[in-house]
1. Compute the Rg to Rh ratio over the chain from the alpha carbon atoms, using the Kirkwood formula for Rh, and round to two decimal places.
2. In what order do Tyr45, Tyr56 fall by count of nearby beta-carbon atoms within 10 Å, going from fewest to most?
3. Report the full-extension gain for the segment Ala51 to Ser3: residue separation times 0.36 nm, less the Cα-Cα distance, to one decimal in nm.
4. Placing unit charges on C-beta atoms (Lys and Arg positive, Asp and Glu negative, everything else neutral), compute the dipole magnitude of region 4-70 about its Cα centre in debye, rounded to 20.
5. How far, in degrees from 0 to 90, does helix 15-31 lean away from the longest principal axis of the Cα atoms of the chain, to the nearest 10?
6. Per residue of the chain, what 222 nm ellipticity follows from adding -39500 (n - 2.57) for every DSSP H run with n ≥ 4, rounded to the nearest 500?
7. Per 0.36 nm of contour for each residue apart, how much would the distance between Tyr38 and Glu16 grow if the chain were fully extended, relative to their Cα-Cα spacing?
8. Do any GluC sites (Glu not before Pro) in the chain lie in a loop, going by DSSP, with at most 14 other beta-carbon atoms within 10 Å of their beta carbon, and if so which?
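Values quoted throughout were computed directly from the atomic coordinates according to the rules given, and no laboratory measurement underlies them. Not measured: the values here are computed from a predicted model. Cβ coordinates were reconstructed from backbone atoms using ideal geometry, including for glycine residues, and neighbour counts include every protein chain displayed.
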Amino acid sequence: MNSPVTNFLAQLTTPEFQTAIGEQLRAEAAAANTFLSYRDEQGRYVHEYPATGEVYEVSLTQPQTRRLLLDAVGV
């Protein structure tokens, strides 16, 4: 029998949990008019602005330099 902690930790990696936590974080970031920072599937460091739908690639060596990857109309 697994402990409650073991069961909880196993749930953290499920696709359902990952989707739910992603939706929650995006909703909170949109409400606060701020961004989420993460590495995308291609390994790029990005800032996603859920309130506007914009996603920028950010340079780690020059943080003020960024490139628009996606905007609200999907360009």
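1. Over the Cα atoms of the chain, Rg/Rh equals 1.11.
2. Exposure proxy ranking, most exposed first: Tyr45, Tyr56.
3. Separation in residues times 0.36 nm, less the Cα-Cα distance, equals 13.3 nm.
4. Its charge dipole is roughly 220 debye.
5. 50 degrees
6. The per-residue figure over the chain is -10500 deg cm²/dmol.
7. Full-extension gain reported as 6.0 nm.
8. Sites meeting the loop and neighbour criteria: Glu41.
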